[in-house]
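Asks: Quick one: structure below, then a few questions.
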Amino acid sequence: MAQTDPAPAFDPPLVERVVAYLQTRDVRLFPFAASFDESRQKAFVNDLRVGLSDLTESGAKRGTSASGFLVSDRRLHEIIAEWAEAGGDWPEGSNPTDADTSLEATY
């Protein structure tokens with residue numbers, strides 16, 4: 001049985017907000033970003049790009065067709081929640097000045 005009109009597997013307004021932020025750096029889209037210094041800004045942008053990449057590649061990684069609907073925005077939600085919870089500081093375990101950091105790249 002084929003799904004003819006399934007609910008979106010991801011949050012389109014969230015994705016649009018992320019893309020708009022990446023293009024404009026408008027802190028009204030993510031108010032917690034208003035207090036970021038340059039290093040945090042770069043790390044947040046990198047994290048958003050990684051989350052967006054995970055979203056767009058998730059179907060391709062599984063070898064599904066465009067109608068497979070296996071796309072997930074879970075990681076993008078996690079990234080935003082981690083940064084929002086930190087309230088302008090580094091999310092726990094991601095400060096590049098710490099000896100043990102979970103950042104993919106240090107800035």
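Asks: Using θ = phi - 60° and the Karplus relation 6.51 cos²θ - 1.76 cosθ + 1.60, list the HN-Hα couplings for the range 11-20 in order, rounded to whole Hz, with x at every Gly or Pro.
Replies: Rounded to whole hertz, the list is 9, x, x, 5, 4, 4, 5, 5, 4, 4.
Asks: Multiply the residue gap between Glu85 and Leu14 by 0.36 nm, knock off their C-alpha separation, and tell me the result in nm, one decimal place.
Replies: On the way: separation 71, 0.36 × 71 = 25.56 nm, distance 1.71 nm.
The span from Glu85 to Leu14 would gain 23.8 nm if fully extended.
Asks: Would you mind checking which residues have amide H under 5 Å from Asp11's amide H? H placed 1.01 Å from N; only 5 or more apart, or other chain.
Replies: Long-range HN contacts for Asp11: Asp73.
Asks: Additional query: Per 0.36 nm of contour for each residue apart, how much would the distance between Leu22 and Ser39 grow if the chain were fully extended, relative to their Cα-Cα spacing? Spell out each step's value before the answer.
Replies: Values: separation 17, 0.36 × 17 = 6.12 nm, distance 1.53 nm.
Gain on stretching Leu22 to Ser39: 4.6 nm.
A short reminder: the numbers here are calculations on the coordinates, not readings from a lab. These figures come from a predicted structure and were not determined experimentally.
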